[in-house]
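Values in this text are rule-based calculations from the coordinates and carry no lab data. Computed from a predicted structure; not experimentally measured. Because the Cβ atoms are built from the backbone with ideal geometry, glycine has one as well, and the counts that use them run over all protein chains shown.
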Amino acid sequence: MTFYRTECSWLGKRLVHSVFSHAGAVLVLSTTWAEAVRPFSTPAPRYVVPNPIRFAGVRPGTRNGFSLLFTGRLGQRKGVFDLVEAFSRVSKQVPAAHLACCGDGQVFECRQRVEALGLSQQVDVPGWVEADELQHLLAVVDIFVLPSYDEGLPMSLLEAMAAELVVVTTPVGGIPDLIEDGVNGFLVQPGDIDGLATRLITLLTSPEQRLAIAAKARETVTQRFSAEQVQSKLEEVYRHFGLEPRQEH
């Protein structure tokens, strides 16, 4: 929606309306997006079909209680610079804490910010990591942080929850459909660096709370975002068009 509101020309907006108005059905990742596309897609039915989790089998490895992870495109939209700033405050209260910021995008700028804040010994910015390395990181870190300003329903968040990590993120896009604050994760407002730092310090110093929320996170994605659940939703769309999904034997 950010693209539509701020980057589309008048002609681009007309094309968006035209495409949606001719659709027989609209598939979106969350109920938030279902409402967002309502003005474009009436009277087409809207179906919420989330992405299935890919790392449902990930189980924790050896965790030391002080590791944080960010994965995604490094830049302001994902809030990585806010995270680095917040971590500079965290590190003063919890000197053993360590942060890894993984992804493509503004890698050089992120490294510059880390160095300027004197965090080179506590923050790694390796750039893009392959799937195997990401799976390893998910198994050994303690907290996943995604302080985004704009999202759909990010796979990185689902994968972290599947790996039984406590997650700290923001109530943007489809994330409120997934995270209930204080139940299966934590929400802070975009740009609230003080709030983010305070939440991270609390979690790093409260292992029992961290483990309880992380277990609830895994339970959430297992029940709602498994491949079987998503397949069932897709079959509903097929039946809307009078088609029977093919059954594999």
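Dipole of the chain computed with +1 at Lys/Arg Cβ and -1 at Asp/Glu Cβ about the Cα centre; of Met155, Val172, Leu137, farthest Cα towards the positive end is Val172. Using 0.36 nm per residue and subtracting the Cα-Cα separation, the extra length available between Ser232 and Arg73 on full extension is 54.2 nm. In this structure, the amide hydrogen of Val188, modeled 1.01 Å from its nitrogen in the peptide plane, lies closer than 5 angstrom to those of Thr169, Thr170, counting only residues at least 5 positions away or on a different chain.
Other residues within the sphere of radius under 14 Å centred on the Cβ of Pro190, judged by their own Cβ, net out at -3 (K and R +1, D and E -1). Amide H contacts of Gly173 (H built 1.01 Å from N, in plane; Pro and chain starts excluded): Glu151 sit under 5 Å, all sequence-distant by 5 or more or on other chains. Here the Karplus relation 6.51 cos²θ - 1.76 cosθ + 1.60, evaluated at θ = phi - 60°, turns the backbone of the range 220-225 into coupling constants of 4, 6, 5, 7, 10, 10 Hz, with x for every Gly and Pro. Each residue of the range 64-80 is assigned a 3J(HN,Hα), and the resulting list reads 9, x, 9, 10, 10, 9, 10, 10, x, 6, 5, x, 5, 4, 8, x, 5 Hz, derived from the Karplus form 6.51 cos²θ - 1.76 cosθ + 1.60 (θ = phi - 60°), x at Gly and Pro. Out of every Cα-Cα pair that the range 127-222 contains, those further apart than 20 angstrom amount to 32 percent.
Working value for the chain: equivalent-ellipsoid semi-axes of 34, 23, 15 Å, each the square root of 5 times a Cα gyration tensor eigenvalue, largest first.
Near His98, once Lys and Arg are set to +1 and Asp and Glu to -1 for all other residues with Cβ below 10 Å from its Cβ, the sum equals -2.
By the beta-carbon count within 10 Å of each Cβ, the least crowded to most crowded order of Leu200, Leu15, Leu137, fewest first, is Leu15, Leu137, Leu200.
Phi angles across the range 95-106 convert, under the Karplus curve 6.51 cos²θ - 1.76 cosθ + 1.60 with θ = phi - 60°, into 3J(HN,Hα) values of x, 7, 5, 9, 10, 10, 10, 10, x, 9, x, 7 Hz, Gly and Pro given as x.
What does the C-alpha gyration tensor say about the overall shape of the range 2-49? Classify as rounded when a/c is under 1.5, otherwise prolate if a/b is larger than b/c, or oblate. Oblate, since a/c reaches 1.5 and b/c is not below a/b.
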